[in-house]
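Reading through the C-alpha cells given below for one structure.
The values are calculated or read from the model by the stated rules, or taken from the named source; none is laboratory data. Because the structure is predicted, anything quoted here is derived from the model rather than measured. Cβ placement follows ideal geometry from the backbone for every residue including glycine, while neighbour counts extend to all protein chains displayed. Calculation scope for accessible area: heavy atoms of the full protein, side chains included, ligands and nucleic acids excluded. Shrake-Rupley method; radii C 1.70, N 1.55, O 1.52, S 1.80 Å.
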Amino acid sequence: MLFLELFAQGLIYGCMYATIAVGLTLVYSLLRILHVAHAGLFALGGYLGLLLTNATGSLILALPLAAAAVGVVGMAIYRFCYEPILHRPPYVALIASIGLFIALEEIFRLIFGPYGLTYAQAPLQETFAMGGMTIRRVEIVIVVGSVLILGILSWLSRHTRLGVAWRATVDDPQMAASFGISVLKVRYLNFFIGSALAAVAGVFISLLSNLVEPTMGGVPSYKALAIIVLGGLGNVTGTLCASLLLGVTEAFGTIYIGNFMDRDAIAFAFMIVVLMVRPQGLFGGR
Amino acid sequence: MGIYEISLATVVGINVILALGLNLITGFCGQISLGHAAFYGIGAYTTALAAQSGVPGLVSLAAAMFAAAAIGVVVGLASLRVRHDFLAITTMGVGFLFLGIVRQEDRWLGGELGISAIPAFGLSKPGYLLFVLLLALLTAMLSGYINRSWMGFAFEAVADDEDTARVVGVDVAAYKLAAFSLGTALAGLAGGLYAYFTRFIVPDDFGFITSISILSMVAVGGIGSTTGVILGAGLLTLMPEFFRFISDYKLLVYGVLLFAVMRFAPEGLAGVGRSWLARWRLGRRAP
Amino acid sequence: MKPLLEVADLTLHFGGVKALTDVSFAVREKEFLCLIGPNGAGKTTLLKSILGIVQPQQAEIRLAGRSITHLPTHRRIRLGLALTHQIVRPFTCMTVRDNVALAAGHQRLQRVLGALVHLDRRSERAKAAAFLERVGIGDYMDHPVAGLPLGVLKRLEVARALALSPRLLLLDEPLAGLNHVEAGRLADTVAEINQGGMTVVMIEHNLSEVLRVAQRLVVLDNGAKIAEGDPRQVLLMPTVQAAYLGEETDIAAD
C-alpha cells in the first residue's frame, strides 16, 4: 500500500519535473546554455496563474493566459539577454542567467511580499478514493495534463512544417539554415514553448501546495538541471524518462534514506551516482 | 578602526582567499564549479570539530585545508569522467549533497542548528585581522606565482582547448586534479578562518547562494585575473554595506549587477581596466 | 632495420559505421611516407588512432618496438609522436609564439609539481621563434592567434609539432589552405626536416607535391589499405586509379 502511494507521489512529481525540464533541454540543445533563469519563469508562471485565477475565478482561462505571457517573457529574455552574448564562452551566459534568476526572485519578493500568496478558492482540491488511496483531483490533472501537453508537442514537432524545421535546427543548425529555415524564428519558438511549459509547471505546483512564493523556483529547477544531465543533455526522451525516474527515486528515498540526507540532496546523490557509472548520462549517446 | 570595520575587513580577507581558490579552478584551469561553498563548509566544519576537541589553531586550519582538498580531489576525479558541460551541474550537485548531509547530521555537526561556541583562535580581533590579511596576501602571491609558472602555462592550455593540450603532451587529468586540490585547499583554509572568526556556523552559510557569490566575485573581478578577483571579492563583500540604506533591494542590485557585468563587460573589472589602460597608452602615443 | 612505427590490424567503427578495417602498415626509420586516398577513406581517423585521440576497437600499435596501444595521448607524445591537425586547433587565447613555446617546453610539464618550480620561459620562447622562422611565419610571432589567416595557422600547427622534437612527425594535410608558393615552400621545409633525420608521415591531397617529396605511399580507400609502395608505381596501379576515379586526378601529367 505504502509502495503504491509512494509510486503515485513519484509519478506526480516526475510529471512536474518533466514539464519544467523539457524547456531547459530545448534551450540547451539549441544554444548550449544552462538556462538557470528558467526557474524564474517557472515562478512567474505560478504567480500569474494564481493572480489570474483569483481575478477571473477561472483556472481554465488563467492557465493558458499565464503560459502565453510567460512564453513571451521567455522570448524577450532570449532576445535581450542571451542573443548578445552567444559568442562568448559558456560560463558568461551561465552567470548572466544566474544573475537574472536572482533578480527575478527579488522582484517577486518586493512586489508580492516574502510570504507568498494563496488562491482565494483553490480549485481541484476535491478528493476521492481510488485503489485504496485518497487522491486529489489536482494530482490527476497534473499527470494527465503533463502527458497530454508533452504528447501534443511531440506530435506537432513531427507533423507540422514548423515542428520539422525545429527538429532539423536542433540536429544541425548550419544545415537547417542552408535549407532556408530561419534559425532565429526557431530559437524564438523554442523559448516560447519552453517558457510556457515552465509556467504550466509553476501553476501545477501552486495548485498542489496552494501557495506561490518568491523562492519557489529554486529547488525544482536545480533538480531540473540534474534531470537534463541525467537525460543526456539535449535529449528530450531521455529528459522525460529521467524526470519520472527521479520523481519515483525521491519518493522512495525520502522514506528509506531520509534521515541520512534531505529530499533535495537525494536527487543530486542519485545524479552523481549515475554519472559515475554512466558519464554520458542515463540516456546520452556516446 | 572600530570593531565593525575590523570584522568587515576580516570577512574581506577570508573572501579574497576563497575567491582566489575558485579562480585557480575556474579562471586558470577553466573548470566551472558551482559548488565551491561545499569545500568552504568542509573547512569550517573540520576546524570547528578540531577546535572543540582541543586541537591548536594552526593545526586545525591545516586539517581544514587537508580535508577540503581530499574531498576536492575526489570531486576532481569524478569530474574527469563526465562530459565538460556536465561539470557545472555535477559540482552544483556536490554542493547540495554536502548541505543535505550536514543538515540531517545532528549528532556531530549539529544539524540545522550548526555548531556554536567554537573556541577562540587565541588572537585579539585586530591580531586576527592581521593574520587573515597576511594569509590573503600569501594566497595572492601564490596565485600570481602559479600564473607565471609552467603549471600556470599548462592550466592556460587546458582552459583554452583540452584536446590541443593533449597533443602537446599535457597530462590534462593531472593538471585538473592539481587545480582542484589547490583551489579546494584554499577554500578549506577560508572555511577554517571563518569558523574561528564567527565561532558559530550553520549549514546555510555554505549553501548554493554562497557558491554563486564566490563565483560572482571571480566573474565580476575578471575570470583568471588575480588582481581583478581580489577587487571583485572586496567590492562584492562591501557592496551590501554601501547599499545598507536600501537594504531591502540589496539582493536585487546584486542579481542585476551580476547580469549586467556578464552582459556588458564579460571580462569583468580586469577587462575594463585593461581596455582603459590600452586606450590611455594609445592616447599618449598619438600626437 | 626495425620499423619505427608498426600498426597492425587496426579496426575502428563509429556506431555501425566502419571507419577503418584491418589496416596494417609500418613506417621505417627516417623515411618520408605519404598517406593518400579519396575523401572519407579514413586517413585522418588513422592518424588520430595512432595518437590515441580516437580509440580503435582492435589494434596493436608499436613505436620503436614498444607497444603504445593502451597509452593515453600525452604519454604517446612524450614517447616521440607529434601530430598536426587538418582542421587547425591553436590555443586561441595565446600568442603565436606561446603556442609553440608550450610545446617546446613539454618536458617541463611532465611532473605537475615540477612545472610549478619552473618560471623561466625564455629559452622555450627562443626555440619557438626559431621554429616559426623555419616554417615562414616569424613575422606573426607576437600576434594573438585570434583572427590570423588560415595559411598562418596551418604553418603554426607544423611549428608546434616540430617544437615537440618528435621522432615521428604525423602531418594531416599541412598544405591544404596554402597558396601554390606557400605550399611548395612548406613541402620543401618538411622534406629538409626529413633529410635532417626525422621520420615523417603526411596525409596529402596535392599529388604533385606528394610525388615530389614522398619516398613511399600507403593508399587507403573505404577504410582499408589498398596499396603500398613506390609512389609512381602505386599511382599507376589499377586499384588505386579506380579508387580515385571521379576524383580530380592528373597523375599521368607528372
Which listed residue is in contact with a helix residue (DSSP H, G or I) (Cβ under 9 Å, 6 or more places away or on another chain), at the interface with another protein chain (Cβ under 9 Å from one of its Cβ atoms) and farther than 17 Å from C:Pro166 by Cβ, from C:Arg121, C:Arg125: C:Arg121
Condition met for C:Gly105 (over 19 Å from B:Val158 (Cβ atoms) and not β-branched (Val, Ile, Thr)): no
Any residue in segment A:135-152 that is under 17 Å from A:Val22 (Cβ atoms), surrounded by fewer than 16 Cβ atoms within 10 Å (Cβ to Cβ) and of a type in the set (Lys, Arg)? no
Of the residues B:Leu186, B:Leu193, B:Leu138, which single one is modelled with pLDDT of 95 or more and open to solvent by 30 Å² or more (accessible area, probe 1.4 Å)? B:Leu138
Scanning segment C:1-28 residue by residue, those open to solvent by less than 80 Å² (accessible area, probe 1.4 Å), outside any strand (DSSP E or B) and of a type in the set (A, V, I, L, M) turn out to be C:Leu4
One residue from B:Ala88, B:Ala78 being within 24 Å of B:Gly232 (Cα to Cα) and within 14 Å of chain A (Cβ to nearest Cβ): B:Ala88
Looking only at residues that are more than 10 Å from chain A (Cβ to nearest Cβ) and crowded, with 16+ Cβ neighbours inside 10 Å in segment B:92-116, which one is farthest from A:Asp262 (Cα to Cα)? B:Ile115
Which condition from (1) small (Gly, Ala, Ser); (2) open to solvent by 10 Å² or more (accessible area, probe 1.4 Å); (3) more than 10 Å from chain C (Cβ to nearest Cβ) is the one that B:Ser211 breaks? (2)
Is it fair to say A:Tyr91 is more than 21 Å from the chain's Cα centre (by Cα), surrounded by 16 or more Cβ atoms within 10 Å (Cβ to Cβ) and within 30 Å of B:Ser247 (Cβ to Cβ)? yes
Within segment C:162-173, does at least one residue satisfy the condition of being modelled with pLDDT under 90, open to solvent by 10 Å² or more (accessible area, probe 1.4 Å) and not in a helix (DSSP H, G or I)? no
Check on A:Met130, more than 8 Å from chain B (Cβ to nearest Cβ), open to solvent by 50 Å² or more (accessible area, probe 1.4 Å) and within 20 Å of B:Phe259 (Cα to Cα): no
Mind listing whichever residues of segment C:15-47 are under 18 Å from C:Pro166 (Cα atoms) and touching a residue at least 60 places away in the same chain (Cβ under 8 Å)? C:Val27, C:Arg28, C:Glu29, C:Lys30, C:Glu31, C:Phe32, C:Leu33, C:Cys34, C:Leu47
Matching residues in segment B:13-71 (hydrophobic (A, V, I, L, M, F, W, C) and in contact with a strand residue (DSSP E or B) (Cβ under 8 Å, 6 or more places away or on another chain)) number 3
What pairs can you find where one residue is in segment A:253-282 and more than 8 Å from chain B (Cβ to nearest Cβ) and among the β-branched types (Val, Ile, Thr), the other is buried (at least 17 other Cβ atoms within 10 Å of the Cβ) and assigned to a loop (DSSP other than H, G, I, E, B), and their Cβ atoms are less than 8 Å apart, with a gap of 6+ or different chains? A:Val274/A:Gly281; A:Val274/A:Leu282
Expected single match for at pLDDT below 95, within 17 Å of the chain's Cα centre (by Cα) and not in a helix (DSSP H, G or I) among B:Gly224, B:Gly232 is B:Gly224
